[in-house]
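None of the figures in this text is laboratory data; all of them are computed from the coordinates on show. Since we're looking at a predicted model, the values are computed, not measured. All Cβ positions, glycine included, derive from the backbone under ideal geometry; neighbour counts span all protein chains shown.
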Amino acid sequence: MQADVRFKMPFNFAQVVIAAFGAMSLSVLAYFIARVIGASMEYSGGLFQNLDFIHIVRFTAPPILVLGFLIFLIGRAKPGFCRIAQIIGVAVVLASAVVQWFFAEDWGTALTVTIMHLVVAASWYIAVNYSNRKFNEIAELDGLRNSQRSA
């Protein structure tokens with residue numbers, strides 16, 4: 001007789017929160033360094049014409065938190081989905097990093113925003129990593145042992 005042990009947590013959601021605010025902090029730091037160096041942070045097309053501090057905050061932490069929570073919920077039912085979400089998320093972020101070079105007014109802006117995208121890609125990869133695999137396997141074995149004892 002086998003016990004039906006479900007995966008409890010694909011990863012700790014705390015790692016998503018840490019990754020989101022870490023990515024935001026590093027992106028804000030890159031923004032201020034770029035402004036001091038002389039990057040214009042202006043674009044000739046796209047969603048907005050000027051990249052401000054609030055844009056960095058709005059487009060870094062909230063998407064990682066919301067999408068990380070969705071992956072957390074889906075990953076509870078299907079832990080393998082975490083790996084797919086890692087790859088898709090990094091691919092989307094890297095593709096959008098390339099687009100910066102087409103619309104930025106100067107190379108400093110494009111380079112800075114590309115660095116921000118690389119930070120977000122690394123943070124996303126770490127945030128939704130299926131890191132509780134060992135814990136879940138131990139819980140599954142304990143569940144099987146307990147069911148065999150009770151039988």
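Once fully extended, how much extra length lies between residue 28 and residue 13, figured as 0.36 nm per residue of separation less the alpha-carbon to alpha-carbon distance?
Extra length from residue 28 to residue 13 when fully extended: 3.1 nm.
Quick one: what are the phi-derived ³J(HN,Hα) couplings along the range 37-44, Karplus 6.51/-1.76/1.60 with θ = phi - 60°, whole Hz, x for glycine and proline?
5, x, 5, 6, 6, 10, 10, 8
Taking +1 at the Cβ of each Lys and Arg and -1 at the Cβ of each Asp and Glu, which of 73, 89, 50 sits farthest along the dipole of the chain towards its positive end, judged by Cα position relative to the Cα centre?
Result: 73, furthest along the dipole toward the positive end.
On C-alpha positions alone, give me the angle between the axis of helix 107-127 and the longest principal axis of the chain, in degrees, nearest 10.
Helix 107-127 sits roughly 10 degrees off the main axis of the chain.
So, in Å, what gap is there between the alpha-carbon centers of the range 70-134 and the range 14-51?
Going from one Cα centre to the other spans 15 Å.
How far, in nm, would the chain grow between residue 40 and residue 94 when pulled straight, counting 0.36 nm per residue and subtracting the alpha carbon separation?
Contour length minus the Cα-Cα distance gives 17.2 nm.
Compute the Kirkwood hydrodynamic radius of the chain, taking the inverse of the mean of 1/r over all pairs of distinct Cα atoms, and give it in Å to one decimal.
Numbers: mean 1/r = 0.0582 Å⁻¹.
Over the chain, the inverse of the mean reciprocal pair distance is 17.2 Å.
Expressed as an acute angle from 0 to 90° and rounded to the nearest 10, what is the orientation of the C-alpha long axis of helix 133-150 relative to the principal long axis of the chain?
20
Relative contact order of the range 23-151, please, whole-number percent, based on alpha carbon pairs below 8 angstrom and at least 6 residues apart.
Relative contact order, the range 23-151: 33 percent.
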